[in-house]
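Scroll down for the structure; my scribbles are underneath it.
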Amino acid sequence: MQKRRLGRSGLSVSSIGLGLMGMSDFYGTNDRQESLRTIHLAIEKGMTFFDTADMYGMGENEKLLGEAISDHRRDDLFIATKCGFLRDPATGRISGINGKPDYIKKSCEESLRRLGIETIDLYYLHRIDPDTPVEESAGAMAELVREGKIRAYGLSEASPDDIRKAYKVYPLAALQSEYSLFTRDVEIEVLGTTRELGIGFVAYSPFSRGLLTGKFSLDTLSEEDSRRQSPRFQKENFRHNQANVQILETIASRNNVTPLQLALAWLLAQGPDIVPIPGTSKRNHLNEILGTLDHPVPFLEFVHLDEAFPRGVARGDRYAPESMKRVYVPPALSAKD
Ligand SMILES: NC(=O)c1ccc[n+]([C@@H]2O[C@H](COP(=O)([O-])OP(=O)(O)OC[C@H]3O[C@@H](n4cnc5c(N)ncnc54)[C@H](OP(=O)(O)O)[C@@H]3O)[C@@H](O)[C@H]2O)c1
């Protein structure tokens with residue numbers, strides 16, 4: 001599989017990474033054995049980039065990845081994880097953000113232990129802590145690099161201002177933020193900043209949490225699935241958004257690809273600095289995702305997609321109001337995407 005560089009950090013990862021979140025959390029129940037097999041298939045197919053976080057399954061997702069990679073050559077893999085979200089152990093509810101240096105360092109030790117590795121390749125602060133200057137968080141990350149606990153660090157959903165402040169303390173390798181045909185906010189200011197500073201861009205939720213797969217149904221969502229709380233998945237909004245997915249389906253079918261493959265190909269075409277990390281917990285779904293690389297789509301079709309999916313086309317915020325407060329929304333936009 002082709003590789004992409006993470007900005008000017010000197011680090012390279014497979015052009016598509018695998019997001020592990022849904023294997024342990026947020027998207028209903030999952031089959032652990034199938035998740036392990038999916039990670040193994042990804043490695044077999046040449047994927048090197050694996051994305052987890054300490055908050056996914058409250059540590060379980062990191063343990064799952066640790067188990068999956070325990071028999072593999074560590075140097076062939078690029079492991080990214082994150083810290084910063086606090087969760088109530090009893091309910092799992094998110095109770096805050098902590099970006100304080102001591103907390104970051106303690107969390108890193110715990111992640112290393114759960115993953116069973118000696119160095120994390122890319123360690124993100126999952127959200128900016130409004131009560132801790134980002135320079136202090138970046139300072140802790142820089143110390144972790146010097147101590148050899150992490151190779152590089154990143155931020156997630158940070159504003160251009162915070163990216164610049166953190167960069168001044170120590171250059172970050174990557175920003176991880178949501179980017180897809182349905183969520184294009186980062187095009188306003190964020191991508192300009194990461195490109196200017198030579199920071200890689202890791203695009204999460206490239207299928208808008210399943211909407212852009214063309215196979216999503218509200219009827220099959222389990223009770224505990226967090227998408228039930230997402231404004232974008234509420235009935236009326238969902239119906240509106242599905243109409244756009246039909247356009248995606250039309251363009252996909254005339255190019256002999258699936259909607260998901262077209263959505264991913266569009267993202268990869270947005271620049272060599274973009275590394276999407278789609279999430280799946282199933283081998284057959286992973287095969288479809290990786291099929292994107294075998295079926296090139298003419299560039300003109302991406303122009304058609306740009307026209308059909310302008311910024312703000314998706315109806316409903318991507319997160320519930322409390323969570324929207326923790327992500328950067330460019331001032332040029334209202335609360336909506
Ligand atoms: N930094 C952050 O704040 C943040 C936030 C969210 C996510 N992330 C990262 O980004 C990764 C990806 O994001 P995401 O999982 O939210 O969303 P996504 O990649 O946009 O979509 C994932 C959804 O699509 C489904 N799917 C994938 N391939 C499919 C296929 N071939 N056919 C049918 N359905 C398919 C998955 O279900 P199946 O499991 O059934 O395939 C899952 O429900 C996460 O795993 C996580 O690592 C980061």
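None of the figures in this text is laboratory data; all of them are computed from the coordinates on show. This one's a predicted model, so the numbers in the text were calculated from it and none came from an experiment. Here the Cβ positions follow ideal geometry from the backbone for every residue, glycine too, while neighbour counts run over all protein chains shown.
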Given an 8 Å cut-off on Cα distances and at least 6 residues of separation, report the relative contact order of the chain as a percent. 20
Trypsin sites (Lys or Arg not before Pro) restricted to DSSP loop in the stretch 189-225 with at most 15 other C-beta within 10 Å: Lys215
What is the calculated FRET efficiency for Lys105 to Glu307, with r their C-beta to C-beta distance and R₀ = 45 Å, to the nearest 0.05? 0.40
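Once a ≥ b ≥ c are taken as the square roots of the eigenvalues of the Cα gyration tensor of the chain, is the result rounded (a/c under 1.5), prolate (a/b larger than b/c) or oblate (a/b not larger than b/c)?
rounded
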Diffing the stretch 61-74: the Karplus 3J(HN,Hα) column from phi (6.51, -1.76, 1.60, θ = phi - 60°), in whole Hz with x for Gly and Pro, holds 5, 5, 5, 4, 5, x, 5, 5, 9, 4, 9, 10, 5, 4
The equivalent-ellipsoid semi-axes of the stretch 269-337, taken as the square roots of five times the Cα gyration tensor eigenvalues and listed largest first in whole Å, are 27, 19, 11
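Full-extension gain between Lys235 and Asp88, please, as 0.36 nm times their residue separation minus the C-alpha to C-alpha distance.
Working: separation 147, 0.36 × 147 = 52.92 nm, distance 2.93 nm.
Extra length from Lys235 to Asp88 when fully extended: 50.0 nm.
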Selection from Gln270, Asn284, Ser24 lying farthest towards where the dipole of the chain points positive, charges on Cβ: Gln270
For Ser217 and Asn256, FRET efficiency with R0 = 25 Å and r from the beta-carbon atoms, rounded to 0.05? 0.55
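Per residue, how big is the convex hull around the C-alpha atoms of the stretch 170-278? Give it to me in cubic angstrom, could you? The partial results should precede the final answer.
On the way: hull volume 12.8 nm³, N = 109.
Once divided by residue count, the hull of the stretch 170-278 is 118 Å³.
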Rg to Rh for the stretch 50-194: what is it, with Cα atoms only and Rh by Kirkwood? 0.96
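Please report, in debye to the nearest 20, how large the charge dipole of the chain is about its Cα centre when each Lys and Arg carries +1 at its beta carbon and each Asp and Glu carries -1 there. Could you put the intermediate results ahead of the total?
Working: 43 positive and 47 negative charges, 39 e Å.
Charge dipole, the chain, about its Cα centre: 180 debye, nearest 20.
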Which longest run of the chain has no exposed loop site in it, a site being GluC sites (Glu not before Pro) in a DSSP loop with at most 12 other beta carbons within 10 Å, and the site itself not part of the run? 1-117
For the stretch 67-117, I need the span (max minus min coordinate) of the C-alpha atoms along each principal axis, in Å, sorted largest to smallest. 37, 25, 14
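Rounded to two decimals, what is the ratio between the C-alpha radius of gyration of the stretch 180-233 and 2.2 N^0.38 Å? Spell out each step's value before the answer.
On the way: Rg = 14.7 Å, N = 54, 2.2 N^0.38 = 10.0 Å.
Rg over 2.2 N^0.38 Å, computed on Cα atoms: 1.47.
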Which whole-Hz couplings ³J(HN,Hα) result when phi for each residue of the stretch 288-297 is put into the Karplus expression 6.51 cos²θ - 1.76 cosθ + 1.60, θ = phi - 60°, listed in order with x for Gly and Pro? 5, 4, 6, x, 3, 6, 8, 10, x, 10
By its C-alpha gyration tensor, with a ≥ b ≥ c as the square roots of the eigenvalues, how is the stretch 1-76 shaped: rounded for a/c under 1.5, else prolate for a/b larger than b/c, else oblate? prolate
Pull up all non-local amide H partners of Val275: gap of 5 or more, or a different chain, and H-to-H distance under 5 Å with H placed in the peptide plane. Phe201, Val202, Ala203
Please compute the volume of the convex hull spanned by the alpha-carbon atoms of the stretch 32-115 and report it per residue in Å³. 97
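Starting from the Cα coordinates of the stretch 108-164, work out the convex hull volume and express it per residue in Å³.
Numbers: hull volume 4.7 nm³, N = 57.
About 82 Å³ per residue, rounded to a whole number.
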Between Lys325 and Asp76, what length comes free when the chain is fully extended (0.36 nm per residue of separation minus the Cα-Cα distance, one decimal in nm)? 85.9 nm
Please report, to two decimal places, log10 I(q)/I(0) for the stretch 199-332 at q = 0.12, 0.17 Å⁻¹ as given by the Debye formula with identical point scatterers on the Cα atoms and no solvent. -0.50, -1.03
Dipole size in debye (nearest 20) for the stretch 1-103 around its Cα centre, Lys and Arg Cβ +1, Asp and Glu Cβ -1? 480
